[in-house]
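Participant: My questions all concern the structure below.
The values are calculated or read from the model by the stated rules, or taken from the named source; none is laboratory data. This one's a predicted model, so the numbers in the text were calculated from it and none came from an experiment. Cβ placement follows ideal geometry from the backbone for every residue including glycine, while neighbour counts extend to all protein chains displayed. What goes into the accessible areas is simple: the full protein's heavy atoms, side chains included, and nothing from ligands, DNA or RNA. Shrake-Rupley method; radii C 1.70, N 1.55, O 1.52, S 1.80 Å.
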Amino acid sequence: EYRCRFFSLLGSPNHIGQGHICFGPANVASSIVCGGSSMSPARRNTKCTVMWGTNSPISIRRYWLYITESRKANGMKLIVIDPRRTRPAEEADIWLQLRPGTDCALAMAMINVIIDEGLYDKEYVDNWCYGFDKLAERVREYSPEKAAEITWVPADKIREAAQVYATNKPALI
């Protein structure tokens, strides 16, 4: 990279860019927790992607190219959660145009649907998850109907998005 070479010529090993505060930490965490980055070419096999509050054609072009390639190659479903009508929102299978600042209510309702309808990986949860029972209890407070009042997203669209995400595996947010 030119920036590294430039600082090397100045005698400094130090350089910084947006990656140190933007995608870098996310990629490191993703590698540790999931065994790879969500930016990896392996993501092309994903059957469903949720873009939550991001406009990748503008912010992370490479990510958007992976998404469009996956949609053409394997019919990957795209769910976009964003108050703004962005290009991804226009091209999404499902666009959830939520009221700004209500993301948590939407997430809780989607988790509620996934648990209530048994759409999660029970074997994985039984073997690897601690506190799942507490999560299930907590999300009961957020039915799609309650979340619809908070987020302004219709309850049927919340339910549909949760079902599409949970039944098209592998999926990622």
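Participant: Loop only by DSSP, 14 or fewer other Cβ within 10 Å of the Cβ. Give me the trypsin sites (Lys or Arg not before Pro) in region 95-169 that pass, ordered by residue number.
Facilitator: Working: sites: Lys122, Lys134, Arg138, Arg140, Lys146, Lys157, Arg159; in loops: Arg140.
Filter output for region 95-169: Arg140.
Participant: Counting other C-beta atoms within 10 Å, and keeping those with at most 15, which DSSP coil GluC sites (Glu not before Pro) do you find in region 135-168?
Facilitator: Counting only loop positions with at most 15 other Cβ atoms within 10 Å, the GluC sites (Glu not before Pro) in region 135-168 are Glu141.
Participant: With a probe of 1.4 Å, find how much accessible area region 48-172 has per residue, and write the answer as a whole number in Å². Don't skip to the answer; put the middle values down first.
Facilitator: On the way: 7000 Å² over 125 residues.
That works out to 56 Å² per residue.
Participant: At 7 Å along Cα-to-Cβ for each site, give me the label-to-label distance between Trp152 and Cys129 in nm.
Facilitator: Result: 3.2 nm between the two label points.
Participant: Now a separate question. Rounded to the nearest percent, how much of the accessible area of region 130-173 (1.4 Å probe, protein heavy atoms only) is carbon and sulfur?
Facilitator: 54 percent
Participant: Can you work out ³J(HN,Hα) from phi for every residue in region 102-110, in order, using Karplus 6.51 cos²θ - 1.76 cosθ + 1.60 and θ = phi - 60°, giving whole Hz and x for Gly and Pro?
Facilitator: Working through the residues one at a time gives 10, 4, 4, 4, 5, 4, 4, 5, 5 Hz.
Participant: Sticking with this structure for a sec: Where a Cα-Cα gap under 24 Å defines reach, which lysines qualify for Lys122, not counting those fewer than 8 residues away within the same chain?
Facilitator: Result set, ordered by chain and number: Lys47, Lys77, Lys134, Lys169.
Participant: For the ranges 103-115, 67-79, what's the packing order if you count other beta-carbon atoms within 10 Å of each residue, average per peptide, and put the highest first?
Facilitator: Output ranking for 103-115, 67-79: 103-115, 67-79.
Participant: Tell me the volume per residue, in Å³, of the convex hull enclosing the alpha carbons of region 73-131. The partial results should precede the final answer.
Facilitator: Details: hull volume 7.6 nm³, N = 59.
Given the Cα convex hull of region 73-131, per-residue volume reads 129 Å³.
Participant: Hey, rough spin-label estimate for Asp116 and Ile60, points 7 angstrom out along Cα→Cβ, what's it come to in nanometres?
Facilitator: The answer from the label model is 3.1 nm.
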